[in-house]
Structures are given as C-alpha cells and as structure tokens.
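Asker: What follows is a single structure, and I will ask about it in a moment.
The values are calculated or read from the model by the stated rules, or taken from the named source; none is laboratory data. It should be emphasised that the depicted structure is a prediction, and the values quoted were computed from it without experimental measurement. So basically every Cβ, Gly included, is an ideal-geometry build from the backbone, and we count neighbours across all protein chains shown. Just so you know, the surface numbers come from the protein's heavy atoms only, side chains and all, with ligands and any DNA or RNA stripped out. Shrake-Rupley method; radii C 1.70, N 1.55, O 1.52, S 1.80 Å.
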Amino acid sequence: MIKYYVDQEECIGCSLCAELAPEVFKMDGDKAVGVADDGNNAEEACDSCPVNAIHKSEV
Ligand code: F3S
C-alpha cells in the first residue's frame with residue numbers, strides 16, 4: 001500500500017491535489033493534508049502538484 005503525505009512546508013495551497021483526488025487529499029486552511037492512504041487518482045494528483053509537495057512511501 002502506498003501512503004501519501006503533504007509536506008506542510010512545501011505546500012503552497014494550490015488545491016489541485018484536493019480537486020483531483022478529494023478522497024485522498026483535503027484542504028485544511030491554506031494547506032492540503034492527506035486523509036487516506038490510497039486512491040484512484042492519487043498518483044496523478046501527486047504528479048500534478050506544482051511544487052512537488054506530495055511525497056509517498058510504500059507501507
Ligand atoms: Fe499543496 Fe501541491 Fe496540493 S501545493 S494543495 S500539495 S497540489
């Protein structure tokens with residue numbers, strides 16, 4: 001299983017990830033947070049982040 005996490009220092013709050021994969025990422029104020037481990041479009045969202053703030057690890 002892949003676990004995604006948003007680096008709070010790097011995230012600029014563009015919210016693209018939450019739009020592409022709302023089941024995996026949610027906005028918490030002006031930052032995104034990961035709320036689930038895996039999801040349909042999480043990979044695309046991960047790749048789409050303009051500042052590469054989304055990191056993943058195999059768990
Ligand atoms: Fe932040 Fe990147 Fe999502 S900047 S809001 S983690 S697409």
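Asker: Quick check for you: with a 1.4 Å probe and neighbouring chains kept, what is the accessible area per residue of the chain, in Å²? Don't jump to the answer; show the numbers that get you there.
Answerer: Working: 3540 Å² over 59 residues.
With all protein chains present, the chain gives 60 Å² per residue.
Asker: Would you mind checking which residues have amide H under 5 Å from Phe25's amide H? H placed 1.01 Å from N; only 5 or more apart, or other chain.
Answerer: Val35
Asker: Using C-alpha positions alone, give me the convex hull volume of the chain per residue in cubic angstrom. Mind showing how you got there, number by number?
Answerer: Numbers: hull volume 3.8 nm³, N = 59.
Given the Cα convex hull of the chain, per-residue volume reads 64 Å³.
Asker: Given charges of +1 on the Cβ of Lys and Arg and -1 on the Cβ of Asp and Glu, with all other atoms neutral, how large is the dipole of the chain about its Cα centre, in debye to the nearest 20? Write out the running numbers ahead of the final one.
Answerer: Working: 4 positive and 13 negative charges, 19 e Å.
The calculated dipole for the chain is roughly 100 debye.
Asker: Continuing with this model, one more query. Starting from the Cα of Lys3, draw a straight line to each of the lysines and keep only those under 16 Å, dropping any in the same chain fewer than 8 residues away.
Answerer: Those lysines meeting the cut-off are Lys26, Lys56.
Asker: Would any residue of segment 39-59 have its amide N under 17 Å from a label point 7 Å out along Cα→Cβ of Cys14? List them or say none.
Answerer: What the label zone holds, given the 17 Å backbone N cut-off, is 42-56.
Asker: Related question: Work out, step by step, the length gained on full extension between Ala36 and Tyr5: first 0.36 nm times the residue separation, then minus their alpha carbon distance; give nm to one decimal.
Answerer: On the way: separation 31, 0.36 × 31 = 11.16 nm, distance 0.92 nm.
Contour length minus Cα-Cα distance gives 10.2 nm.
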